[in-house]
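Comments concern the structure below.
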Amino acid sequence: MKLTPQQVLHVAKLAKLKLSEEEVRLFADQLSRVLDYMKILNEADTEDVKPMFQSTGLQNEMREDLVKRDLASADEVIECTNRDVENRQIVVPRVI
Amino acid sequence: MACPYNKIINFFMDLKEFTIRRLHEGLQNKEFSAVEVAQAAFKKIDETEENLQAYITLAKETALKEAGEVDEKIKNNEQISILAGIPYSSKDLYMTKGVQSTCGSKILEGYVPPFDSTVIRKLKENGSVLVGKNTGDEFGHGASSENTGFAVPRNPYDHERVCGGSSGGSACAVASGSAMFSLGTDTGGSIRQPASMCGVVGVKPTYGRVSRFGVAAMASSLDTMGCFAKTIEDAACVLKAIAGKDEYDLTTFDREVPDYISFFKDDLKGVKVGVPKEYFGEGIEEGVKLAVEAAIKKLGDVGAELVDISLPHTKYGVAAYYIICPCEVSANMAKYDGLRYGPTLKDAKELEEIYLENRTKFHAEVKRRIMVGTYALSSGYYDAYYLKAQKVRTLVKRDFDEAFEKVDVIACPTSPTVAFKIGEKSNDPLAMYLGDVFTIPASLAGLCGLNVPCGFSENLPVGLQIIGPQFGEEKILQAGKVIENS
């Protein structure tokens, strides 16, 4: 299969990636070959086979909603950030 | 044991000549101090780093402080753990409080975490001494440690060749003697394969045996936290310390951690070793095949029964993995948006600008995997790719379940080739992916596996892979010990 540059740009937009023209050309070629290889999976008979999303078999693992240990104090978090800090609050760009 | 010449002797201390147990004995008997051991590690780094590039960040100040604390305990005749005062390094995916953690990527350059990952915390509690953070493929994306915003680590046996990946720098640190053990992560082979290429022991535990908390996630249903060491016993000591249930990672099992060393014996009488025919076909270098076959014969010589087995869905492993992994990657990499941590674009006018500008810092391989994952999960493609791959994953696991009804462990090559030249595969992602053919199936099934060095081909290390059932770490360590002793 051959991914078109438009398809590559669409996927990049979904993934919030900005690609140069050269990257679009390169990825169209490389990703096409990778996705082509995946066709081998069509040979596997998966009729009546359930998907396996994880190997543990664990379900609904819960814990008590209690704070037992601080991973880091507020001071330690503030000390580690490279963002501006105002009134002991880390300043980030407006998202909403 | 005081000796007036100790200071001169210890200046020449080469950690390559020590095991963890020997260092522990030496520390307890006061033959040398933990500070001297740490200094030996940094001396080795000074001597080798220009050629090997195994480190992104060195933590000399904190290391000497940690070593000093161990010396204080020894001075006061306090009980110390076998890992106390032992210098180690860590793949840069592990968050280390107060020490830069970049995950090998420019998108996190300068990031200093305010907390430790669980594994690092456990090693601190044992008194181990972190010397630095290793180079490797960015966020674990790769099999050569070339996909990085930082230096490419070089194979200690041939500086023109790769260390393997993605935990290449970690394997290199142990192989070259600057760390007694090193932490890595293994999602599709990223501990076992570099261990094979650098000639060291590498252990990938069962998924859920060791906490993933505080380690940058790559593919959350596949990531495992493990270690490199010079010897099987060393690796067993580390695994005992880092394994166990963690309330911060609810995919860990509430299951006792055995004393892995107590399972060591001199023979493998009563042990059945499966030899899968699919792992010895096309694509494996002749020198690798010969070394691995000779090692498997040694298992038979010490009493193991060698059993021919088949894992018929092996050929689908790479395809299934390189859909599932990128899909999970595309979700996990979404957090690197430049908002909360890492370098960021200041004075942006739009939020979108911040996302796009910051995410250009990813290496090309990371972008490729995000895109494959995004494509495979997108509307119209989910069933054909992701769901299909997860069904094939079930078939791969079934192969192993059926095999482990007949055998105790499986022996096979770790990598189809020895270490290749730097740059040889960097323009061909698919060729790189196909190199993971022997390590991927055990990862898909969530099993344990290790690499143990078993010889050389073209003067480069060859590794034997031993795969075990879920929570079969003592079985694979026992088999690995036999190879080591032979």
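Throughout, read-outs are computed from the coordinates displayed, never taken from laboratory work. Fair warning: this is a prediction, and the values are worked out from it, not measured in the lab. Reconstructed Cβ throughout: ideal geometry from the backbone, glycine too, with neighbour counts over all protein chains shown.
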- Query: Which whole-number percentage describes the relative contact order of chain B, with Cα contacts under 8 Å and a sequence gap of 6 or more?
  - Reply: 17
- Nearest 10, in degrees from 0 to 90: the angle of helix A:5-14 to the longest Cα principal axis of chain A is 30
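If contacts are Cα pairs under 8 angstrom and at least 6 residues apart, what is the relative contact order of the range B:25-77 in percent? Write down the numbers at each step before the final one.
Details: 20 pairs, mean separation 27.4, N = 53.
So the answer I get is 52 percent.
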- Calculate for chain A the 222 nm mean residue ellipticity that helices alone would give, adding -39,500 (n - 2.57) per DSSP H run of length 4 or more and normalising by residue count, nearest 500 deg cm²/dmol. -11000 deg cm²/dmol
- Note on the structure: On the formula 1/(1 + (r/R0)^6), with r taken between the Cβ atoms of residue A:89 and residue B:262 and R0 of 56 Å, the FRET efficiency rounded to 0.05 is 0.60
- Query: Ordered by residue, what ³J(HN,Hα) values in Hz, to whole numbers, does the range B:456-464 give under the Karplus form 6.51 cos²θ - 1.76 cosθ + 1.60, where θ = phi - 60° and Gly and Pro are x?
  - Reply: 9, 9, 6, 6, 10, x, 10, x, 9
- Message: Distance cut-off 28 Å, Cα to Cα: go down the list A:13/B:245; B:230/B:397; B:406/B:481; B:124/B:425; B:265/B:406; B:289/B:361 and report the pairs above it.
- Response: A:13/B:245; B:230/B:397; B:124/B:425; B:289/B:361
- Query: Which cross-chain or sequence-distant (5 or more) residues have an amide H under 5 Å from the amide H of residue B:454, H modelled 1.01 Å from N in plane?
  - Reply: B:462, B:463, B:464
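Grab the alpha carbons of the range B:207-248, take their convex hull, and tell me the volume per residue in Å³. Don't jump to the answer; show the numbers that get you there.
Values: hull volume 3.3 nm³, N = 42.
Taking the convex hull of the Cα positions in the range B:207-248, it is 78 Å³ per residue.
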- For helix A:21-37, what angle does its Cα long axis make with the longest principal axis of chain A, in degrees from 0 to 90 and rounded to 10? 70
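Could you tell me the relative contact order of chain A? Use alpha-carbon pairs under 8 Å, at least six residues apart, and round to a whole percent. Intermediate values should be presented prior to the final figure.
Working: 35 pairs, mean separation 18.1, N = 96.
Relative contact order of chain A: 19 percent.
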- Distance from the range A:47-96 to the range B:12-73 (C-alpha centre basis), Å: 34
- Task: Only Lys, Arg, Asp and Glu count, each charged at its Cβ (+1, +1, -1, -1), so figure out the dipole size of the range A:2-96 about its Cα centre, rounded to 20 debye.
- Result: 340
- Message: Checking a compactness column here: for chain A, what do you get for Rg(Cα) / (2.2 N^0.38 Å), N being the number of residues?
- Response: 1.86
- Item | For chain B, convex hull volume per residue from C-alpha positions, Å³ | 144
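Where Rh denotes the Kirkwood radius from the mean inverse Cα pair distance, what is Rg over Rh for the range B:185-236? List each step's numbers first, then the result.
Numbers: Rg = 10.9 Å, Rh = 11.3 Å.
We get a ratio of 0.97 for the range B:185-236.
Once every DSSP H run of n ≥ 4 in chain B is given -39500 (n - 2.57) and the sum is divided by its residues, what mean residue ellipticity at 222 nm do you get, rounded to the nearest 500 deg cm²/dmol? Please list the in-between numbers first.
Values: 16 runs with 182 residues, N = 486.
My calculation for chain B gives -11500 deg cm²/dmol from helical runs alone.
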- Write down the Å³ per residue value for the convex hull defined by the alpha carbon atoms of the range B:346-486. 181
- Mind checking the mean number of beta-carbon atoms from other chains within 10 Å of the Cβ atoms in B:47-54? 0
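Roughly how many debye, to the nearest 20, is the charge dipole of the range B:352-486 about its Cα centre, given +1 on each Lys and Arg Cβ, -1 on each Asp and Glu Cβ, and no other charges?
Details: 15 positive and 17 negative charges, 44 e Å.
Value, rounded to 20: 220 debye.
To check you understand DSSP bridge types, tell me what percent of the beta bridges within the protein assembly as shown (both residues inside) are antiparallel, rounded to 5.
Values: 37 of 52 bridges.
So the antiparallel bridges in the protein assembly as shown amount to around 70 percent.
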- Whole-Hz Karplus couplings 3J(HN,Hα) for the range B:94-101, θ = phi - 60° and coefficients 6.51, -1.76, 1.60, Gly and Pro as x, run 7, 6, 10, 4, x, 10, 3, 9
- Message: Please list 3J(HN,Hα) in residue order for the range B:424-439, calculated via the Karplus relation 6.51 cos²θ - 1.76 cosθ + 1.60 where θ = phi - 60°; whole Hz, with x for glycine and proline.
- Response: 4, 10, 5, 9, 10, x, 5, 4, 5, 4, 5, x, 8, 4, 8, 9
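Ordered by packing density, taken as the mean number of other Cβ atoms within 10 Å over each peptide's residues, highest first, how do B:305-318, A:55-68, B:168-181 rank? Please report the intermediate quantities before stating the final value.
Details: B:305-318: 18.4, A:55-68: 9.2, B:168-181: 32.4.
Descending mean neighbour count gives B:168-181, B:305-318, A:55-68.
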- Taking amide hydrogens as modeled 1.01 Å from N in the peptide plane, which residues meet the under 5 Å criterion relative to residue B:130, leaving out close sequence neighbours? B:88
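Pop the C-beta distance of residue A:37 and residue B:306 into the FRET formula with R0 = 25 Å and round what comes out to the nearest 0.05. Spell out each step's value before the answer.
Working: r = 33 Å, r/R0 = 1.33.
Calculated transfer efficiency: 0.15.
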